[in-house]
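**Student:** The structure follows.
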Amino acid sequence: MCPLAVLADMKTVVRANFDASVEAYNRYERRTGRFTALARLLVAEMSAHGEGAFDAVLDAGAGTGVSTQAVAERADRPVALDISREMLTEVASAPRVEADFDHLPFADDTFDAIAFTASLFLVPDPAVATQEAARVLRSGGVVGAVAPVGWVTANGTDVFADLDRESRSPTGSEDVERALADEFAVTTGTWRFATTADDVRLFHSIPAMAARLYPRLETEKRVDKTRELLDTLEGTFEQRWRWIVGVVE
Ligand SMILES: C[S@@+](CC[C@H](N)C(=O)[O-])C[C@H]1O[C@@H](n2cnc3c(N)ncnc32)[C@H](O)[C@@H]1O
């Protein structure tokens, strides 16, 4: 298969994984409020780097609309975009656009800001999406992203380091940071959240998240296997997220 076909195939898989994740995603968010917290922190950071109030803001990878709500608290004209129709169906606080970050269906200079809350790390090549973001942002516009660094114990060890799974979870913050730094003048930092073993289990009961541990298994088997893997996990951990805010120069 040629590289373009492989990339397209990866997106089809991501879309299907999130299409199957709505219920579990809502359950996790109701219990932890983690994505709401991340989106609010990100939009506040973006506002601090922008020139005045935001009007048109794209929530890129809006999911069920948790981050769109945070955007709507600070922008007059939020727009929710996602590749997953099922996730997008849940969005109530903005116009919805079903599309791919890599091909944004908007004219140049359309937005004051673009927020990627826990979404840009899911594309095979974040450089393509960041170039698209730069194209549709106006001069002086602001882009923001949060990407997962991982789950660590009190002594800084990766929770997944000794667990037997097919791939590492989560990954990608370095690639996201590099892609944004190539396109924008960026400021970065790390947010840390205290997290319980139960929350780690609930997070990975979301089919799209379990797919980062067992990418080759069918949805149900993958979630079951992840439950078994994390069954004996105990204690409290820290979940780390990298944030990156960039300004169009
Ligand atoms: C972890 S969820 C985050 C959702 C939301 N931002 C939040 O904070 O709750 C990631 C979202 O990114 C979307 N996504 C992944 N790849 C995408 C792409 N190439 N184009 C558009 N959306 C994408 C997924 O469908 C999913 O809804």
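**Student:** Any residue that is assigned to a loop (DSSP other than H, G, I, E, B), within 13 Å of the ligand (Cβ to nearest atom) and not hydrophobic (A, V, I, L, M, F, W, C) - is there at least one of those in the range 125-148?
**Tutor:** Looking through the range 125-148, at least one residue is assigned to a loop (DSSP other than H, G, I, E, B), within 13 Å of the ligand (Cβ to nearest atom) and not hydrophobic (A, V, I, L, M, F, W, C).
**Student:** Find all pairs meeting these conditions: Cβ atoms under 7 angstrom apart; at least six residues apart or on different chains; first residue within the range 121-137 and more than 14 Å from Asp109 (Cβ to Cβ); second residue among the hydroxyl-bearing types (Ser, Thr, Tyr) and in a helix (DSSP H, G or I).
**Tutor:** That search, which allows pairs on different chains as well, returns Phe121/Ser173.
**Student:** Taking the range 76-99 only, how many residues are more than 15 Å from Phe116 (Cβ to Cβ) and part of a strand (DSSP E or B)?
**Tutor:** Residues flagged as more than 15 Å from Phe116 (Cβ to Cβ) and part of a strand (DSSP E or B) within the range 76-99 amount to 4.
**Student:** If you don't mind, another one. In the range 174-199, which residue that is out of contact with any Asp or Glu (no Cβ under 9 Å at 6 or more places or on another chain), crowded, with 19+ Cβ neighbours inside 10 Å and of a type in the set (A, V, I, L, M) is farthest from Glu249 (Cα to Cα)?
**Tutor:** For the range 174-199, the residue satisfying everything is Val176.
**Student:** Among the residues of the range 100-118 satisfying the criterion of being touching a Leu at 6+ places or on another chain (Cβ under 8 Å) and assigned to a strand (DSSP E or B), which is farthest from the ligand (Cβ to nearest atom)?
**Tutor:** Asp112
**Student:** Just for the range 142-167: of the residues that are small (Gly, Ala, Ser) and in contact with a Phe, Trp or Tyr (Cβ under 6 Å, 6 or more places away or on another chain), which one is surrounded by the fewest Cβ atoms within 10 Å (Cβ to Cβ)?
**Tutor:** Ala147
**Student:** Something else now. Pairs only if they're at least six apart or on different chains, beta carbon under 6 angstrom, first in the range 15-30 and within 18 Å of Phe101 (Cβ to Cβ), second of a type in the set (S, T, N, Q); list them, first residue then second.
**Tutor:** Arg15/Ser84; Phe18/Ser84; Asp19/Ser84
**Student:** Oh, and also: Examine the range 211-225 for a residue that is out of contact with any Pro (no Cβ under 6 Å at 6 or more places or on another chain), assigned to a helix (DSSP H, G or I), within 16 Å of the ligand (Cβ to nearest atom) and within 27 Å of Val71 (Cβ to Cβ), and state whether such a residue exists.
**Tutor:** no
Here is a yes/no grid of residues against (1) on the phi > 0 side of the Ramachandran plot; (2) buried (at least 19 other Cβ atoms within 10 Å of the Cβ); (3) near the ligand (Cβ under 9 Å from one of its atoms):
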site	(1), (2), (3)
Asn26	no, no, no
Arg30	no, no, no
Gly33	yes, no, no
Val43	no, yes, no
Ala48	no, no, no
Phe54	no, yes, no
Asp59	no, yes, yes
Gly63	yes, yes, yes
Glu73	no, no, no
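None of the figures in this text is laboratory data; all of them are computed from the coordinates on show. Note that the coordinates shown come from a computational prediction; the quantities given were computed from them, not determined experimentally. Ideal geometry is used to build each Cβ from the backbone, glycine not excepted, and the neighbour counts take in all protein chains shown.
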